[in-house]
């Protein structure tokens, strides 16, 4: 297998799914009509409601929170099960579930005056499920913040070539905010300065870090050796001893080295290969603190001062790295076939073997919550359904805008899969970075491999960090809304931000970010199932065939329930027995699993009741109509 | 059918960060998303730029009221890839900037009335031609 075949398979599947399934549903079930007035035309006010070309809507100017989902999920899944299961789920998921979810969310809002699904969903959601879900949002955010903070901290602690680029991102972001919005400096000039400086800081992190034997040695380069010394001096505060040790049964922690030629992992300063213990050193806490300060600024400062310019710089760098890598992936089989060939096995394991004392990662249901975005999820941020529904010029634009955007997200996930699959060694993030580095050599030459890999790490960090900083912002708003009345102190944004961060750190210290990610994935898929459920009931109420939304809803529900149980079981078996902080964090995650499970049951029951109500209503009306006809 | 007049507005626009579509749907139904997005939009621009954007919004509403379907208006956030591209293409260095039919450039909030006059002039010309 090589990158060419992936590109070809994806192109064919997406073409067939879009033209022969999505268009059929659009034409025969939803029956969109270009002549029907959309809310954008009916309530045009030039601000919220404004008819907008579908080409503009497709790339709507709401800022992206970046697409961490399709990258993190895919590299995790490829490492756990191999590239083939990930590829199959990406293709099948987007073809039968993903586009349907996003397209339907838009079309239902359009058919409800661009307002909301309230007429249907209030019957479904309020009051019980609504309250449960509001609580659920906070834990959902806690999980994603924990998963992302965990992997970023481990990466910064393990890779001394990474921190400079991230520090530069923060400093340039802060400066860019003032230069653009306060001092009104020239946009082009400011963009050039901040992007080039940040890019250089990322690329040159490993500059000079090659020893006499031609191997990567971070004690050699001026930049990486500086951070090695920083880590050492911080670690000396504990006499070079670990603060605590954790284990990661999934082996995805960046501090765990890649297996050698014999297939065994070597012991390092941070990892004991015999016991599997990972040392949490004071320097780990230093980088966790750094990332929390970064996120604190984004969560509490006005958007224009930090979060927005950081995202702006990050978007340019991501665009450059991903865009050039995508070109490299397409050209690799023709120019550098060795780069384009897959090193990761097609199937590593299906994971069904059961050992009562070990982590269990069966392909079903865990693959389907590990890869959420890219298979079924929305195009992150580019299209908010309420904004889109209020700006859709023609009803018939719903499919190219909603469905088309989902297929685009899928291609980003596929690129991640390609990057991970061509890199032979390293953990999840390491494989992704090495893959990006290899793909960039197709265009920039072999000499760029070291710097391209550094850019791959930087891009990965940007994508994850830009999401995390905003998640903390949303968490503090949600926490103050949710519990502010009972505890007025939480209405203070600094208090609510700090509490959110402390809870996140507790989860991070468990050392198993993959479990956090899988729980987040389950929560995400539960949201997807809820969205599809609303659509299913709406279709039933409209007397349309709900099958295209109903079966994905059922699948996502059952999968979510099973996945939360498996994750809770894994935490109980592999982490709880360790005791200490890890055990507390694991119990917290088990409680969240229980919350997810109960939420899913209640939502499923309410949805089933509503569905039955409309089914009976339809039957009664049909009988009455038949009687009247007689 | 007369082709609508193209009006592009490049301005620093308020920013809201959105999550995936299905989450937005679910959150909105719980009444959570408005507060989250409003809080972001409120602090997304300094006061003077917020006033500038408000002036642009009022102006867009006004020209829509006057000309409706005969206009095709596109608002582009300056701090975006498209914003940078359009700024380079039209040689714009100050915002808001109104570009009428890809040619007429009107820079700054003060020039919005002039842009409106240009649009009136062009649409009257269209009427005469037709």
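The numbers here are math on the coordinates, done by the rules we state, and not lab data. Because the structure is a prediction, the values reported are computed rather than measured. Glycine gets a Cβ as well: all are built from the backbone with ideal geometry, and neighbour counts include every protein chain shown.
Here is how the numbers come out for the structure above:
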{"item": "Degrees between helix A:222-235 axis and first principal axis of chain A (Cα, 0 to 90, nearest 10)", "result": "90"}
{"item": "Projected-area mean, the protein assembly as shown, by convex hull of Cα positions, square nanometres", "result": "35.5"}
{"item": "Cα Rg, Dmax, the stretch A:239-300, angstrom units", "result": "14.5, 49"}
{"item": "The stretch A:415-506: equivalent-ellipsoid semi-axes (sqrt of 5 x gyration tensor eigenvalues, Cα, Å)", "result": "41, 11, 10"}
{"item": "Folded to 0 to 90 degrees: helix A:404-422 orientation relative to chain A principal axis, Cα", "result": "30"}
{"item": "Distance between modelled label sites at residue A:210 and residue A:584, nm, 7 Å Cα→Cβ extension", "result": "4.7"}
{"item": "Rg and Dmax [Cα atoms of the stretch A:255-349; Å; Rg one decimal, Dmax integer]", "result": "20.3, 53"}
{"item": "Normalised alpha carbon radius of gyration of the stretch A:489-544 [divisor 2.2 N^0.38 Å]", "result": "1.78"}
{"item": "Convex hull per residue volume in Å³, alpha carbons only, for the stretch A:181-301", "result": "187"}
{"item": "Prolate/oblate/rounded label for the stretch A:267-306 (Cα gyration tensor, a/c 1.5)", "result": "prolate"}
{"item": "For the stretch A:181-238, fraction of C-alpha pairs farther apart than 15 Å, in %", "result": "64"}
{"item": "The stretch A:395-460, Rg to Rh (Cα coordinates; Rh as Kirkwood inverse mean 1/r)", "result": "1.18"}
{"item": "For the stretch B:37-130, the spread of Cα positions along each principal axis, largest first, Å", "result": "47, 28, 22"}
{"item": "Separation of the residue A:491 and residue B:58 label points, Cα + 7 Å toward Cβ, nm", "result": "3.2"}
{"item": "Paired Rg and Dmax values of the stretch A:447-546, which use every Cα atom, in angstrom", "result": "19.7, 62"}
{"item": "Nearest 10 degrees, 0 to 90: helix A:580-629 Cα axis against chain A principal axis", "result": "20"}
{"item": "Compactness index (Cα Rg / 2.2 N^0.38 Å), the stretch A:331-379", "result": "1.70"}
